Structures are given as C-alpha cells and as structure tokens.
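A.B. asks: Can you keep this structure in mind? I'll have questions shortly.
The values are calculated or read from the model by the stated rules, or taken from the named source; none is laboratory data. Keep in mind the model is a prediction, meaning the values are calculated, not measured. Don't worry about glycine lacking a Cβ; one is built from the backbone with ideal geometry, like all the others, and counts go over all protein chains shown.
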Amino acid sequence: MTEIAVENLTESQAREELRALAALLAEANRAYHTEDAPEITDAEYDRLKTRNAEIEARFPALKRPDSPTEQVGAPLADGFSKVRHEVRMLSLANAFADEDISDFDEQVRRYLGLASDDSLPFTAEPKIDGLSLSLRYERGKLIQAATRGDGQEGENVTANARTITDIPNELDSAPDVLEVRGEVYMSHEDFAALNQRQAARGGKTFANPRNAAAGSMRQLDARITAERPLRFFAYAWGALSEPLADTQKGAIERLAALGFQTNPLTQLCDGPQEMLAHYRDIETQRAMLGYDIDGVVYKVNDLALQERLGFRSTTPRWAIAHKFPAELAWTRLEAIDIQVGRTGALSPVARLTPVTVGGVVVSNATLHNEDYIAGRDSTGGEIRGGKDIRVGDWVQVYRAGDVIPKVADVDLSQRPADARAFVFPTTCPECGSDAIREEGDAVRRCSGGLICPAQAVEKLKHFVGRSAFDIEGLGAKQVEQFYTDGWIREPADIFTLKQRFGSGIQQLKNREGWGEKSASRLFDAIDGRRRIGLGRLIFGLGIRHVGESASNLLARHYGTWETFEAAMQAAASCEGEAWDDLLAIDGVGTVLAESLVSAMNQEAERASMDRLVAHLDVQEAERPQTEGSPVAGRTVVFTGTLEKMTRAEAKARAESLGAKVSGSVSKKTDIVVVGPGAGSKETKARELGLTVLDEDGWLELIGG
Ligand SMILES: NC(=O)c1ccc[n+]([C@@H]2O[C@H](COP(=O)([O-])OP(=O)(O)OC[C@H]3O[C@@H](n4cnc5c(N)ncnc54)[C@H](O)[C@@H]3O)[C@@H](O)[C@H]2O)c1
Ligand SMILES: [Zn+2]
C-alpha cells in the first residue's frame, strides 16, 4: 500500500485511515501489553502512531473517541485483581531526531515563560526496555505492587514483586506513604540462560528480554516468577506523604539511599547540546550494558517546574523519550536453508555473512515463507515493491524489539549477475516426502508425518515439554541424542527405555552430559506406568492447531481417553452428530476440528498413540457438573467490571456448571451479567430482551 502524504489526504480518506489505524494500534497494544507477544516491531508501531498523530493534527475534528493518542497501555489481562493507581502511570512523548530535542527545550521554556539564556537543567538517563511497576510502601513496608495496565488501573502483582531481590521488602526512614516506580527488566545473560532452560524442557521461549520480563512478572503463580531472574531500576514515584527532594536528581539519589537500584548513567545536562552528547555516549555503550534500552529519557530537573508543567492526556510535559533508531545492517545472503518443524512446516532460514546489528552478531535470519522470499504478502499483494530475495543478494537485516532478526530488504544494484530466483522445494529436505501447500496457507508442509525424522524429533521434544509430559531429565537435547541413537523413535519408546536398555545406564553415563545420577534418575522417572491428565495427553500429541487451552477444553468435554477417541472416530467424515458435538465446544473452530479429526484417524499416528496409551494411566478430566445446574447449556456473557471475582474465575465457574461463556451478545445469548462500566453489550442485551443480571443476581442464581 502506498501511503498518501498527510497534506494530500481528503477528509474521507483521513477518516478511513484513522479508523484503520485505531484498529491496528489497538491490536498491537493488546499483543504487546496484554499477551507480551508483539506482532509488529516497535519501530513499525512508532511509525503508525506518529502517522495517526499527524493525521489528527491536520483534521482535529476527525479525532476518534477511541483515538490511540488518548490511551496508555492496554486493557488488563484476566486473572489478576486490579489496583487503582492513586497517581496515574503515564506514557512518555517520543522524539526521534536531534531537532526534536531543541524543540522540546523551547516548548518547556515557552510554557514556563523562561528566556533562552535562563538556566534549565535536565536529567538524562537510559530508557530501560522492560515493564513499569509501582511499589507502594506504607510505614516502610512493601504492601502492594502493580503493573501500569491502562494507566488508571494496573494488575496486582504483589506476590510476584516480593520475589525480586532488587525490590526491598522494608525501607528504613522512608516517608509514611511512598510509591516507588521503575522498570522490571531481565539482563541479556539471564535472558539467554532462561531461554536455554525453557527450550531444554520444551517450555515457551521468549522473543526478547522485555517479553521475558513482562511474561515472568505477569504470572498468576508467583513461584514461577521467583524462578525468573528479574531486576528492577527505580526512576520515579507516585503518591507520597512528603517530598523526596527538590530535584529529579536529588529524588533519584534519595531512592538509591533507601536501597533501590538506580541507573548509573543518570546525568545532569545543561541544555540540548549536553543532552545530545550524553545520548550519543549512552548509544555507544548500549551494546555493552548487558540489558536492553531503547532510548534516553530527559526530564526537567527542578521538581517545582515539573509541577507547573503538569501533564497532557497521556504524557508529562516535563519529560521526553529520545528513541534510538531501529537496528539495521546490510550484509550478504550466503544461503537459504529449509528447516522442518513439528507440524512439518518448511521454514526458510537465511544464512548470512556475520554482521553486528545493534551490538549483537547476527548470522541467521528468518525469511518467513516462500511468498515472503518471492516478494508477495499473504494476500498475494506485493511487499518490498515486489523484489524477490536471492542467494548472493546484498540484504538488509532488521532487529527491532525481536531477538530473531528478519531480512527486510534487498539492494538490487548489488545483485550478482548470476543470482537466480530461489526455487522453494516441493519435497521435504529431511525425508523426501512431498511438501504440500494447502489453499489459504502461507506455509508448505512435509506430508511424511511420522516417517519424517525432523517431524518425529520435534514431536518428541514437544511431548516431553513442560506443558505436556514434563519428564524430568529428558529435554530437547536428550531427545535428539536418543533419536539419533535409535533408542527412541516415538513417545511410547520412552516408557520402555529402561526395559530395553536398563544396562545402558553404564553406556549413558560415559557420554558427554550424563553422569551416573542423572542417568539413573531419568531411568527411574520413566519406569513403570505413567499417570497423566487427559488434557496434557491430548496436548502432548502435538497435533497442529491443538494448543494447551484447546486440549483442556477437549478433555473437559470428553472426560476420558476412551470417550474422546471414540468421538474422534465417529467424527471422521467431518459430519454427523459427533462432528457437530465437537464444533459446539466453545473455543473449537473448524480449522482446529479438521486438523484434530484428521490426525486422530490417520492410521500410522493412531497405531503410535495406541502403543503410547498402553503405558499410561490417563486420569479422567473433571467434567462440568451439569446435573441440577441452573445454567447448564445456557450461553452467558460477562461485561463491565466484576467486583467479587475475576473474569477468569467467573468464566471457570460458569463453565464448570455447564454454561457456555461467550464474548459477544447475540440472539443466542441467554444471560448477560453486567458490572459497573458495562457499555454497548448491556444496551444490546436489553434491546434483545435477554436476561440481564448484576453480579449478585448471578451469584444467587448459581447458588453462592
Ligand atoms: N511492537 C508493538 O506492537 C508495540 C505495541 C505497543 C507498544 N510498543 C512499544 O512501546 C512503546 C509505547 O509504550 P509506552 O506507552 O510504554 O511508552 P514508552 O515505552 O515510549 O514510554 C513510557 C515508559 O517508559 C518506561 N521507562 C523506561 N525507563 C524510563 C525512565 N528512565 N524514566 C521514565 N520512564 C521510563 C516506563 O515504563 C514508561 O511507562 C512504543 O513506542 C513501542 O516501542 C510496541
Ligand atoms: Zn519430511
């Protein structure tokens, strides 16, 4: 899509673009803040947000009620209780160019009525790329910790904060009420080690340290947070019973004296020139800091002046974040390799002449899929102006907020004369089976199933992973080793390992990475029959599209392995009663159902499952207690703020009583439970004449 210059936009084009931007940015915010799994780069996000602000500046009347410029963060995630911030937690205005900094200095002077030669010092400090946290101390004791959330209300993460060593539980001689604010982050070293651990046990790995920090902090189980090496820098404050100091710098020193970690690169600067000099200084140190920063923050040093300057709707007037440019570099594409994943997906990987991008040496990058290499997007439209990517090309490597770098662009003027268009393989490079691309799928997949060694190994890794069978001592590395040795070919083999190779302990312990203890511990862990929950078993099978939560839904719906298996066989033709029953499960769509039914009826897979189940005691899943339930089979929608339970609790409770919980109100809805702040859903429910209950009414209905 070519972008029209803002000054050439017609009013209707502007209205349409603002609508599209609001939707795009809301989705990006949800992915980034609520899910800790960004879908676009930070640079792209910043570009969209700037574009939105420019259009609004030219057409102020078109500014939408849900304008992205009026919002901080994103809605809160389910599961946490909420904390209302006594003093709002805000965002920061952004600057990208050097001129933006002198403009900022001028704006502040104009607002305060200062002449250009009046002294106006600023602090300059790194902008830590983590997530912000507010810590409330009363009489020196930590009583509450909250995330920023949407700025007004955050998530209560007190138990999690208590596990962080940089956060003192008690303070000496602090003000009676003191809210300390700062950034939770993870060091590069700890991040790499965490990802390695996660990969070894088949758990979730994180794209970058910020996601790892946010994902670790926002755990419902504080024991998980405790295992994650989180750090904390203090740089601000909220509610206070008495001031910390007269200046920003003084306040930071006071926080340091109280026992908080403060950033050593914080410095006082007299005017834009010194600010920019310190910015460049920090930029050159960036790669060596050992943690991610994404810019430098300047703040008016005099707190009385900060007070006079006050706030805009989402940002303070007395501070600005000077962002570093996106991390790019050019290098040679030496080869394109194809990797095969668990579900058979063929993923192209660029092998590059090593190059440093933002302080990290990059020699591999993702090329996504065959369309991306060819210069097409998923809808068949052009990307990169239709330029394809060829081995031998001079390519731009891009790393912004992601650890996996991407190949973003090609310099055609540097293309070698003999470079040929890349031919994406139509057979699997690992097993030679046909690699098939189904309609509407961007990905080509190996059709070899279990005969494909790449798929078999990836499936085994998934099977032993933490959310599946979680077998102690058997991680990704060991699985690969056993597969190569021919000791384990499929999950069932794990449980006969001791029987077949009991004497192998001797052999094993002489191998690299194995000691006597670890070898016998593993053999003991897998000896005998294994108890496993039905949900974990279904998830462990590693069927495409069938994730953890879907597996649990299926388990709850079918209860036992036998019922599940019989139902899948009955649904084999993708029609009839069993098929309809599967699709009626809230959260199961056609794509998932088709993939599931096809895997469960594939002969070789089935035989492998039968061999596996023979070693298992599958525990029955708790089925909804529908008997006597007043809401069994009814569709319920929760909207507005719930005060007596979290959304997640309300949903779990309703489902355990056999109700279906839906996110939107329609004619099919039976009951709408409304809390304070309910909006259009309540209106619609009343229009449709549905049963509308408040929280107490609902609790009464379900009996307490
Ligand atoms: N990739 C995406 O999809 C996506 C989506 C949403 C947001 N984002 C990223 O987040 C940014 C917007 O988020 P935001 O509203 O948090 O704004 P921001 O990150 O630009 O600035 C505000 C935040 O900076 C942090 N901060 C770090 N060090 C600080 C310091 N020394 N002093 C003061 N604050 C400091 C605080 O947590 C504060 O809340 C975007 O510019 C983008 O980089 C990315
Ligand atoms: Zn294959």
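A.B. asks: List every residue pair whose Cβ atoms lie under 9 Å apart, where the two residues are 6 or more positions apart in sequence or sit on different chains, the first residue falls within the stretch 319-330 and is part of a strand (DSSP E or B), and the second residue, located anywhere, is of a type in the set (Lys, Arg) and within 11 Å of ligand 1 (Cβ to nearest atom).
C.D. replies: That search, which allows pairs on different chains as well, returns Ala319/Lys299; Ile320/Lys299; Ala321/Lys127; His322/Lys127; Lys323/Lys127.
A.B. asks: Filter the stretch 457-487 down to residues that are crowded, with 23+ Cβ neighbours inside 10 Å and among the aliphatic types (A, V, I, L, M) and give me whichever is nearest to ligand 2 (Cβ to nearest atom).
C.D. replies: Checked the stretch 457-487; the qualifying residue nearest to ligand 2 (Cβ to nearest atom) is Leu460.
A.B. asks: Listed residues Arg399, Arg351, Arg445; which is more than 23 Å from the chain's Cα centre (by Cα), surrounded by 18 or more Cβ atoms within 10 Å (Cβ to Cβ) and of a type outside the set (Ser, Thr, Tyr)?
C.D. replies: Numbers: Arg399 fails: more than 23 Å from the chain's Cα centre (by Cα); Arg351 fails: surrounded by 18 or more Cβ atoms within 10 Å (Cβ to Cβ).
When all the criteria are applied, what remains is Arg445.
A.B. asks: Further, regarding this structure: Pull up the stretch 274-316, narrow it to residues that are of a type in the set (A, V, I, L, M), modelled with pLDDT of 95 or more and under 26 Å from Ala326 (Cα atoms), then point me to the one that is surrounded by the most Cβ atoms within 10 Å (Cβ to Cβ).
C.D. replies: Val296
A.B. asks: Out of all the residues in the stretch 287-346, which are out of contact with any helix residue (DSSP H, G or I) (no Cβ under 9 Å at 6 or more places or on another chain) and of a type in the set (S, T, N, Q)?
C.D. replies: Those that are out of contact with any helix residue (DSSP H, G or I) (no Cβ under 9 Å at 6 or more places or on another chain) and of a type in the set (S, T, N, Q): Thr315, Thr331.
A.B. asks: While we're here: Testing Lys63 on (1) more than 14 Å from ligand 1 (Cβ to nearest atom); (2) touching a Phe, Trp or Tyr at 6+ places or on another chain (Cβ under 9 Å), one condition comes back false. Which one is that?
C.D. replies: Of (1) more than 14 Å from ligand 1 (Cβ to nearest atom); (2) touching a Phe, Trp or Tyr at 6+ places or on another chain (Cβ under 9 Å), only one is false for Lys63: (2).
A.B. asks: Shifting gears a bit: Evaluate the following for Arg653: is it in a helix (DSSP H, G or I) and farther than 23 Å from Val588 by Cβ?
C.D. replies: Working: in a helix (DSSP H, G or I): yes; farther than 23 Å from Val588 by Cβ: no.
Judged against the criteria, Arg653 is not a match.
A.B. asks: What are the residues in the stretch 460-488 that are farther than 11 Å from Gly202 by Cβ and among the hydrophobic types (A, V, I, L, M, F, W, C), if any?
C.D. replies: If the condition is that a residue be farther than 11 Å from Gly202 by Cβ and among the hydrophobic types (A, V, I, L, M, F, W, C), then Phe482, Trp487, Ile488 are the ones that fit.
A.B. asks: Further, regarding this structure: Got a sec? Which of Arg686, Arg653, Arg634, Arg647 is on the phi < 0 side of the Ramachandran plot and free of Cβ contacts under 8 Å to residues at least 12 places away in the same chain?
C.D. replies: Working: Arg653 fails: free of Cβ contacts under 8 Å to residues at least 12 places away in the same chain; Arg634 fails: free of Cβ contacts under 8 Å to residues at least 12 places away in the same chain; Arg647 fails: free of Cβ contacts under 8 Å to residues at least 12 places away in the same chain.
Residue meeting the stated conditions: Arg686.
A.B. asks: I'd like to check something: does the stretch 436-459 contain any residue that is at pLDDT below 90, touching a Ser or Thr at 6+ places or on another chain (Cβ under 7 Å) and closer than 30 Å to Arg332 by Cβ?
C.D. replies: yes
A.B. asks: Of (1) exposed (fewer than 15 other Cβ atoms within 10 Å of the Cβ); (2) farther than 21 Å from Asp441 by Cβ, Val591 satisfies all except one. Which?
C.D. replies: Checking Val591 against (1) exposed (fewer than 15 other Cβ atoms within 10 Å of the Cβ); (2) farther than 21 Å from Asp441 by Cβ, the one that fails is (2).
A.B. asks: Has the stretch 163-182 got at least one residue that is at pLDDT below 95, in a helix (DSSP H, G or I), away from ligand 1 (no atom under 15 Å from the Cβ) and not acidic (Asp, Glu)?
C.D. replies: No, the conditions are met nowhere in the stretch 163-182.
A.B. asks: Shifting gears a bit: Would you call Thr427 farther than 30 Å from Ile293 by Cβ and within 16 Å of ligand 2 (Cβ to nearest atom)? Write out each step before concluding.
C.D. replies: On the way: farther than 30 Å from Ile293 by Cβ: yes; within 16 Å of ligand 2 (Cβ to nearest atom): yes.
For Thr427, the condition - farther than 30 Å from Ile293 by Cβ and within 16 Å of ligand 2 (Cβ to nearest atom) - is met.
A.B. asks: Are there strands (runs of 3 or more DSSP E) fully within the stretch 383-443 with at least 2 residues that are within 16 Å of ligand 1 (Cβ to nearest atom) and small (Gly, Ala, Ser)? List them.
C.D. replies: Details: elements: 394-399, 406-410, 435-437.
In the stretch 383-443, no matching strands (runs of 3 or more DSSP E) lie anywhere.
A.B. asks: Search the stretch 222-236 for residues that are under 16 Å from His188 (Cα atoms) and pair each with any residue that is assigned to a loop (DSSP other than H, G, I, E, B) and among the charged types (D, E, K, R) when their beta-carbon atoms are under 7 Å apart and the residues are at least 6 apart or on different chains.
C.D. replies: Here the result reads Arg231/Asp166; Phe232/Asp166, each pair linking the stretch 222-236 to a residue that is assigned to a loop (DSSP other than H, G, I, E, B) and among the charged types (D, E, K, R).
A.B. asks: Still on this structure: Which is surrounded by 15 or more Cβ atoms within 10 Å (Cβ to Cβ), among the small types (Gly, Ala, Ser), in contact with a helix residue (DSSP H, G or I) (Cβ under 9 Å, 6 or more places away or on another chain) and modelled with pLDDT under 95, of Ala145, Ala200?
C.D. replies: Working: Ala145 fails: modelled with pLDDT under 95.
Testing whether each residue is surrounded by 15 or more Cβ atoms within 10 Å (Cβ to Cβ), among the small types (Gly, Ala, Ser), in contact with a helix residue (DSSP H, G or I) (Cβ under 9 Å, 6 or more places away or on another chain) and modelled with pLDDT under 95 leaves just Ala200.
A.B. asks: Tally time: how many residues in the stretch 587-642 are part of a helix (DSSP H, G or I) and among the charged types (D, E, K, R)? Explain how you work it out, then say what you get.
C.D. replies: Of the stretch 587-642, the ones part of a helix (DSSP H, G or I) are 590-600, 603-613.
Subsequent filtering for residues that are among the charged types (D, E, K, R) retains 594, 603, 605-606, 610-611.
Residues in the stretch 587-642 being part of a helix (DSSP H, G or I) and among the charged types (D, E, K, R): 6 in total.
A.B. asks: Further, regarding this structure: Quick check on the stretch 58-67: of everything there that is in contact (Cβ under 8 Å) with a residue 40 or more places away in the chain and not in a loop (DSSP other than H, G, I, E, B), which residue is farthest from Leu328 (Cα to Cα)?
C.D. replies: Initial filter on the stretch 58-67 (in contact (Cβ under 8 Å) with a residue 40 or more places away in the chain): 58-59, 62-64, 66-67.
Retained after the next criterion (residues that are not in a loop (DSSP other than H, G, I, E, B)): 58, 62.
Working: Arg58: 32, Leu62: 35 Å.
So the residue we want is Leu62.
A.B. asks: Looking at the stretch 36-57, which of its residues are touching a residue at least 24 places away in the same chain (Cβ under 8 Å), within 10 Å of ligand 1 (Cβ to nearest atom) and outside any helix (DSSP H, G or I)?
C.D. replies: Result: Ala37, Pro38, Thr41.
A.B. asks: Quick check: is even one residue across the stretch 152-159 over 20 Å from Arg88 (Cβ atoms), outside the structural domain of His33 (by TED's automatic domain parsing), among the hydroxyl-bearing types (Ser, Thr, Tyr) and modelled with pLDDT of 90 or more? Steps first, please.
C.D. replies: Our first condition is that a residue be over 20 Å from Arg88 (Cβ atoms); within the stretch 152-159, this holds for 159.
Then keep just the ones that are outside the structural domain of His33 (by TED's automatic domain parsing); that gives 159.
Next, only the ones that are among the hydroxyl-bearing types (Ser, Thr, Tyr) stay: none.
No: zero hits.
A.B. asks: Just give me the residues in the stretch 265-317 being among the small types (Gly, Ala, Ser) and part of a helix (DSSP H, G or I), in sequence order.
C.D. replies: Of all residues in the stretch 265-317, those among the small types (Gly, Ala, Ser) come to 271, 277, 287, 290, 295, 304, 310, 313.
Selection gives Ala277, Ala287, Ala304.
A.B. asks: Also: Restricting the stretch 250-271 to residues that are of a type in the set (Gly, Ala, Ser) and over 15 Å from Leu171 (Cα atoms), which is farthest from ligand 1 (Cβ to nearest atom)?
C.D. replies: Gly271
A.B. asks: Under 7 Å between Cβ atoms, at least 6 apart or on separate chains: pull out the pairs that start in the stretch 432-445 with a residue that is within 16 Å of ligand 2 (Cβ to nearest atom) and end on any residue that is of a type in the set (Asp, Glu).
C.D. replies: As it stands, the answer is Arg444/Glu370, since those pairs meet every condition given.
A.B. asks: Still on this structure, I have one more. Do we have Arg210 as in a helix (DSSP H, G or I) and either within 16 Å of ligand 1 (Cβ to nearest atom) or in contact (Cβ under 8 Å) with a residue 12 or more places away in the chain (or both) here?
C.D. replies: Working: in a helix (DSSP H, G or I): yes; either within 16 Å of ligand 1 (Cβ to nearest atom) or in contact (Cβ under 8 Å) with a residue 12 or more places away in the chain (or both): yes.
Yes, satisfied.
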